[in-house]
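I have placed the structure first, in the form of structure tokens, so that the comments after it can refer back to it.
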Amino acid sequence: MSAALRHRKAIVRYRSLRNEVSRLSPAMAAAMLSGLDQQPVVVGQYSDGSGGACPLLAGQRAGGPLNHSTRFPDTWDAFCKVRSSRKARKASRHELVMLRMLLNEHLMPLGERSMLPTSIPEAPAPVSIDWESEVRDLLRRAQPVSA
């Protein structure tokens, strides 16, 4: 699979998760944020049997109201690239950072949301260095001066 295709698929997964987060009630989004701090977060299962929970269960445990029509669990697993739900795994740091960012954005007042950047800034262009001339200059400066 090409890098461009992987990138497009990642964007689709991100947008799907963003849409599902936007459908959460503010109370559930706040409880989910709180729940992420209280227990390990897993993907692939509702819970892992040793205290870890999916974000939705973490939100419920923190007092958030459950909306049974949400597709959040499936979207979360798709975002985390879980194909089968046989075994839970711990959510990666990147997955948790992205989820926290989306939950915070959802809870942010609309006026403040308009101040968020709409695109990722371009990386600075790489600097081209002529290493041969740099080495020649260093060698010339390192030559002992004849008396």
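Quick note: the coordinates plus some simple rules give every number you see, no bench work behind them. Not measured: the values here are computed from a predicted model. Ideal geometry is used to build each Cβ from the backbone, glycine not excepted, and the neighbour counts take in all protein chains shown.
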Next item on the list: Place the peptides 42-55, 14-27 in order of packing, highest mean first, counting for every residue the other Cβ atoms within 10 Å and averaging per peptide.
Entry: 42-55, 14-27
Next item on the list: Using a cut-off of 14 Å between beta-carbons, work out the net charge of the residues near Gly64 (Lys and Arg +1, Asp and Glu -1, Gly64 not included).
Entry: +1
